Amino acid sequence: MTSRTSARHAVNAARRALLAGAAALALASPTRARAVRTDHAARIRHLIGQMTLDEKIGQLNQVPGGRQKALNSKIDAAQLDLVRKGAVGSYLHVAGADFLRDLQRVAVEESRLKIPLLFGIDVIHGFRTIFPVPLGMAATFDPEIVRACSRIAAIETSVSGLHWTFTPMVDIARDPRWGRIVEGAGEDPYLGSRMAEAQILGLQTEDLSGKDTVLACAKHFGAYGAASGGRDYDSADLSDRTLQEVYMPPFRAAALAGAGSFMTAFNDIAGVPTTANQALVRGQLREHWGYEGLVVSDWNAILELINHGVAETPAQAAALALKAGVDMDMAGGVYAGHLKQAVADDPSLLPYLDQAVGRVLAVKARLGLFDDPFRFGDAAREKAEIGSATHRAVAAEAARKSIVLLKNTGNLLPLTAPGRRVAVIGALADDASSALGSWRARGQVGDVRTLLSALKAQGGLTIDYQPGATPRGEDASGIPAAVAAARAADVILLVIGEDYDHSAEARSRSDITLPGVQAQLAHAVLDTGKPVVVVLMNGRPLALAEVLDRADAALETWFLGVESGPAIVDVLTGRTSPAGRLPAGLPRNAGTSPGFYAHLPSGRPADPDLSKDSARYHDVAIGPLFPFGHGLSYASFAYGDLALDRSTVAPDGAVTISLNVTNTGKVAADEVVQLYVRDPVALVARPVKELRGFVRVLLKPGETRRISFRLAAAQLALWDAGRWRIQAGRIEVMIGASSDDIRLRGAFTIAADGWGTEPPAALLTPVSVS
Ligand code: BGC
């Protein structure tokens, strides 16, 4: 067995073990969960009956126990006194099995009611073993690997004594100026829904009280990703239809997958901050969706209701949030400091208070903390398992799967000829910190294998590294040396993009071209006329038309985590054929944002002929540079034999859409087969194309697989004044390798009108491969 096949066996064995663990728990869960639930309801009622008003408010108080980069740093004697008094329900920004055991001991041994604390942290794409950033994970179009990574994140988090992570961020993001696009699954609600449920199942499994689980948190409920102009925290002003059809589906999918908690967004929708939005939180989430989990505010967001201008005093802000259905106050201290006054002013708040306390206690119960408050945290496993080789092997697989081949003129890639002289240009090639992305929990820079180190370790290539320029700063003095190295090389790897801190919370940018002097570096290198492979590293889609048009080949590699370098080298050298797909299109320039493939048709659709008045910009070509779903391969694929098992479907029925896909290339490779639909004539204009299914499938050269999608008529419903209307009529079906590479077309008819119950994009299209 070669070292490569043995590594692959190790990965597969690890994944099988992880997924089998989840499956075993799923089988064991139903009866057990029911028994536990009845028992808990009685216990919770009893506890609430014993609690003072202060103790109740204490349960709703989440306190920072440290800072993001200095966990535990704020836990002092004064905090321990608050815990003894029952004035704290939860801490965030804490970690460590021994540390948290001691802290928990204070709560369950020294407080009057002995209620365990809930410990939370942001584990956004890995705890110590850092995986690709979420936008990169979405590019895998592979929910199974996402789930496997989340499972590992949960193991590492829970053995460190933590119960809760503020993940996944399921906000749809259609504006790459928004820095938090890096934290989600991009522009599409169907892809976003699948990524949401994969993460939740990985973190929580099917039974939260099982081994190595952590409570997930779907965030930031509302329309945080629709912030005007892509400015973080800014107002979202969107139609109810867009809210329901585009922004809500991943949240609904998250709720259906069992997400134990939700976080409300910082921003407002048409003037109503979500943290005070009764119609959305108490109405839609709680009453309509029947959601029973915990709702936490975002950091200090309750107090910020004053800045929004919907409350004058902290007590009013507390009352608004409580009435809206926000159970826990993250880091604001508003419930702790002012809810008592609010209740004194308005005793009708008391039932809301009891409900909120009940939900906090229910989550603690679901996690098994009343049965064993020390069930999380295991110092021995913390040492042995965190960052283990098994975990890193899965991180490497995820990193390989996230890479998107944007272009490959003349099949410059893969670099197969031995002994070639490769100029590696750009400081990002050796930037271990950026590989970790903006959220990194306990990730360590020293754990990262950078592209440069992996290239050197690879052998067979002569490497000449010249940083040339960093993504930050105006120092162009390294450019001449980079050009000299480029001239002497057979091929150039031009590693450019953003650093980890260009995209993140509060990191919106109006200019999404290359920061610093990288454009100058890139053009100087391209001017040598040597073959250039651009290796992009970034947390957002960048607008790089001028550079990418001139390059021979380009890879989008996001920030890939600890195994970043080896994964990129595997793709560069052809050991792995790339098959990642863009979860958000790459715009031609920032001025075209927001842009997305699933737009409405317009009465005057965009026309290449500038003499016609049409829905386009006059100064730039139509559409993105690379669209949603785009990604090339070292193989090629033929699509054929499209068949629908029926031509007419009842509104409560489904159609099976089948096709063959054949690897017509010379190497084994994954292909991502995508199903799009369109309702060409409806009550209101419908998007020109909407993703409703996908599958990533491995094909050997010459191999053919038959793919079948089972699409329900309800997945075509549109939001019509508060209901999901299914309309009779013809539906177009498109199958392709990207949103603009449609290979097969068909149609079926929905026989009669009807009503759906769920956001269509939240519903899974089952896929079989034979
Ligand atoms: C972010 C959340 C995060 C929280 C806790 C906030 O600023 O918006 O996504 O979970 O901080 O760190």
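The values are calculated or read from the model by the stated rules, or taken from the named source; none is laboratory data. Since the model is a prediction, treat every value here as computed from it, not as a measurement. Neighbour counts run over all protein chains shown; Cβ positions are idealised from the backbone, glycine included. Heads up: the accessible areas ignore ligands, DNA and RNA and are worked out on the full protein's heavy atoms, side chains in. Shrake-Rupley method; radii C 1.70, N 1.55, O 1.52, S 1.80 Å.
Give me the one-decimal nm value for the distance between modelled label points at Asp740 and Trp289, 7 Å along each residue's Cα-to-Cβ direction.
Rounded to a tenth, the inter-label distance reads 3.3 nm.
How high is the relative contact order of region 314-361, in percent, counting Cα pairs under 8 Å that sit 6 or more residues apart?
Working: 37 pairs, mean separation 23.7, N = 48.
Contact order relative to length: 49 percent.
Counting only heavy atoms of protein chains, what accessible area per residue, in Å², does the chain have with a probe of 1.4 Å? Kindly include the intermediate steps, with their values, before the conclusion.
Details: 27140 Å² over 770 residues.
Roughly 35 Å² per residue, with all protein chains present.
Once you have a ≥ b ≥ c as the square roots of the Cα gyration tensor eigenvalues for region 434-489, tell me rounded if a/c is under 1.5, and otherwise prolate or oblate according to whether a/b is larger than b/c. Don't skip to the end; give the middle numbers.
Details: a/c = 4.52, a/b = 1.34, b/c = 3.36.
Oblate is the answer for region 434-489, as a/c is 1.5 or above yet b/c matches or exceeds a/b.
What nm value, rounded to one decimal, do you get for the distance between Ala638 and Asp475 when each label is placed 7 Å out toward the C-beta?
5.6
Taking the Cα centre of each part, how many Å lie between region 179-200 and region 494-527?
Here the two parts' Cα centres lie 24 Å apart.
Sort Thr573, Thr274 from largest to smallest accessible area, using a 1.4 Å probe on the heavy atoms of the protein chains.
On the way: Thr573 25, Thr274 0 Å².
Sorted descending by solvent-accessible area, the residues read Thr573, Thr274.
Taking a spot 7 Å from the Cα of Asp346 along the direction of its beta carbon, which residues of region 239-281 have an amide N less than 18 Å from it?
The answer is 272-281.
Report the Cα centroid-to-centroid distance between region 577-651 and region 253-308 in angstrom, as an integer.
33
Label 7 Å along Cα→Cβ of Glu144; region 692-716 residues with amide nitrogen under 11 Å?
Residues 696-698 fall inside that zone.
Can you list the HN-Hα couplings for region 559-566, worked out from phi with the Karplus curve (6.51, -1.76, 1.60; θ = phi - 60°), rounded to whole Hz and with x for Gly and Pro?
Once θ is set to phi - 60°, the couplings for region 559-566 become 10, 9, x, 5, 9, 3, x, x Hz.
How high is the relative contact order of the chain, in percent, with contacts defined as C-alpha pairs under 8 Å that are six or more residues apart?
Working: 1938 pairs, mean separation 101.6, N = 770.
Relative contact order here is 13 percent.
My understanding is that a pair violates if its Cα-Cα distance is over 18 Å; which of Lys85/Lys340; Lys85/Lys114; Lys74/Lys114 do that in this structure?
Values: Lys85/Lys340 16 Å; Lys85/Lys114 10 Å; Lys74/Lys114 22 Å.
Exceeds cut-off: Lys74/Lys114.
Would you check the accessible area of Lys211, probe 1.4 Å, heavy atoms only, in square angstrom rounded to 10?
130
So, with a 1.4 angstrom probe, what is the percent of accessible area on the chain that is carbon and sulfur?
Working: 13980 of 27140 Å².
Ligands and nucleic acids excluded, carbon and sulfur give 52 percent.
Among Ala311, Ala396, Gly186, which residue has its Cα positioned farthest towards the positive end of the charge dipole of the chain, with +1 placed on the Cβ of Lys and Arg, -1 on the Cβ of Asp and Glu, and the dipole taken about the Cα centre?
Ala396
Express the relative contact order of region 571-647 as a whole percentage, based on alpha carbon pairs under 8 Å and six or more residues apart in sequence.
Details: 79 pairs, mean separation 32.4, N = 77.
Once normalised by length, the contact order is 42 percent.
Can you work out the Karplus-derived ³J(HN,Hα) for every residue in region 44-58? Use 6.51 cos²θ - 1.76 cosθ + 1.60 with θ = phi - 60°, whole Hz, and x for glycine or proline.
Listing the rounded values in order: 5, 4, 4, 4, 4, x, 8, 7, 7, 4, 4, 5, 4, 4, x Hz.
Projected onto the charge dipole of the chain (+1 at Lys/Arg Cβ, -1 at Asp/Glu Cβ, origin at the Cα centre), which of Ala504, Ile145, Ala685 gives the Cα projection farthest towards the positive end?
Result: Ile145.
Could you work out how much longer the chain between Asp753 and Asp98 gets when fully extended? Use 0.36 nm per residue separation minus the Cα distance between them, nm to one decimal. Don't skip to the end; give the middle numbers.
On the way: separation 655, 0.36 × 655 = 235.80 nm, distance 6.01 nm.
Computed gain between Asp753 and Asp98 is 229.8 nm.
Compute the FRET efficiency between Ala78 and Lys114 as 1/(1 + (r/R0)^6), taking r as their Cβ-Cβ distance and R0 = 22 Å, and round to the nearest 0.05. Walk me through the intermediate numbers first.
Details: r = 21 Å, r/R0 = 0.94.
Result of the calculation: an efficiency of 0.60.
For the chain, take the longest principal axis of its alpha carbons; what is the angle in degrees between that and the long axis of helix 143-159, to the nearest 10 within 0 to 90?
40
Might you work out the accessible area of Glu312 for me, using a 1.4 Å probe with all protein chains in place, and round it to the nearest 10 Å²?
Per-residue accessible area (Glu312): approximately 150 Å².
Take the Cβ-Cβ distance between Thr704 and Asp237 as r, set R0 to 56 Å, and report the resulting FRET efficiency rounded to the nearest 0.05.
On the way: r = 49 Å, r/R0 = 0.87.
Working from the Cβ atoms, E equals 0.70.
Could you give the nm distance between label points at Phe374 and Val620, where each point is 7 Å from its Cα heading toward the beta carbon?
Result for the modelled spin labels: 5.9 nm.
Pairs Lys56/Lys364; Lys69/Lys211; Lys407/Lys530; Lys211/Lys364: which are spaced more than 20 Å apart, C-alpha to C-alpha? Provide the component values of the computation, followed by the final result.
On the way: Lys56/Lys364 14 Å; Lys69/Lys211 28 Å; Lys407/Lys530 16 Å; Lys211/Lys364 15 Å.
Over 20 Å apart, Cα to Cα: Lys69/Lys211.
Students often forget the sequence filter, so: which lysines lie under 16 Å Cα-Cα from Lys666 once same-chain residues fewer than 8 apart are removed?
Lys700
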